[in-house]
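The structure appears below as structure tokens.
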Amino acid sequence: MEILKFTLSGRTAFFKIPEVNSYVYFSYGHIHKVSLLGLLGAVMGYGGYNSQGEKEYPEFYEKLKDIKISIMPKNTNGSFSKKIQFFNNSVGYASNEEGGNLIVKEQWLEDVEWDIFIKIEDTDIHKELKERMKNYNFEYTVYLGKNDHLATINNVEIFQGENFLEDESEINSLFMKEHIEGFSEEEFNVLGSENDEIKYDHKYEEKLPLSLQNISNQYEVESLIFTNKKCILKNKNNFVKVNNQIIEFY
């Protein structure tokens, strides 16, 4: 199978969690599939939520929702630094605030970086997306969540992948919790000699959006995990070996 891979990074990012907090707007800890499809929609020149009108979905989601993606955090434990940012909003509903100014507080991710993998199918949309990515030919500017956060795309490559059918493995990408039986009993916190690299186990878990509901366009979320623990695989159909790494497409 043909797989498109690129590195996605930025100095800051903000993927808003819809549940409103009266003091701070919080961010998901990673780019999620819906947000990534929005970014790919900008590459392709598709419309977003503002131009949806009476349609069931925004154009980017309608055209790209069947694309299979995999997200690999480029840090050691899957958790990016976060910082609360304060800034002023003096337009719209902020005019009802005292002094006509609303102080907005948002939780921004810092120095984010992921490797993104896309399973390329034999369709016109997949072919155009591949060519646009290979040539860095983006129709619109790409952002990480909102237009305060410019995205950088580089290291675009094409790989050949193969289905991974073994029962246990370390998985190098985010993967769905429901697709594993559990974790191997292998001991990770073992100290070797002074010259050996020490490998500590880590496990990051978060409920992230994977799709949109077809009536309200609200997020449908699933528990995703990032860990260096060896996992016992339950649903092997989604796991692929590419460039000597095991990833899951969803």
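Coordinate-derived values only; no laboratory data. Everything quoted here is computed from the prediction, not taken from an experiment. Glycine gets a Cβ as well: all are built from the backbone with ideal geometry, and neighbour counts include every protein chain shown.
Couple of notes before you dig in:
- Candidate values (i) 26, 22, 19; (ii) 33, 24, 17; (iii) 31, 21, 16, label of the one derived for semi-axes √(5λ) of the Cα gyration tensor in Å: (ii)
- The calculated FRET efficiency for the pair Met1 and Glu54, based on their C-beta separation and a Förster distance of 35 Å, comes to about 0.40.
- Between 0 and 90 degrees, the angle of helix 124-134 with respect to the longest Cα principal axis of the chain falls at about 90 degrees.
- For the pair Lys234 and Val104, a Förster radius of 45 Å applied to the C-beta separation gives a FRET efficiency near 0.60, rounded to the nearest 0.05.
- Separation of the Ile158 and Ile215 label points, Cα + 7 Å toward Cβ, nm: 4.4
- Distance (nanometres) between label positions extended 7 Å along Cα→Cβ at Glu166 and Lys127: 3.7
- The alpha carbon gyration tensor of the stretch 1-58 gives principal lengths a ≥ b ≥ c with a/c of 1.5 or higher and a/b no greater than b/c, which makes the shape oblate.
- Separation of alpha-carbon centers, the stretch 139-184 and the stretch 207-250, rounded to whole Å: 8
- Helix 33-44 vs. the chain, principal-axis angle (Cα, 0 to 90°, nearest 10): 70
- Highest to lowest packing among 151-164, 36-49, scored as the average C-beta count within 10 Å: 36-49, 151-164
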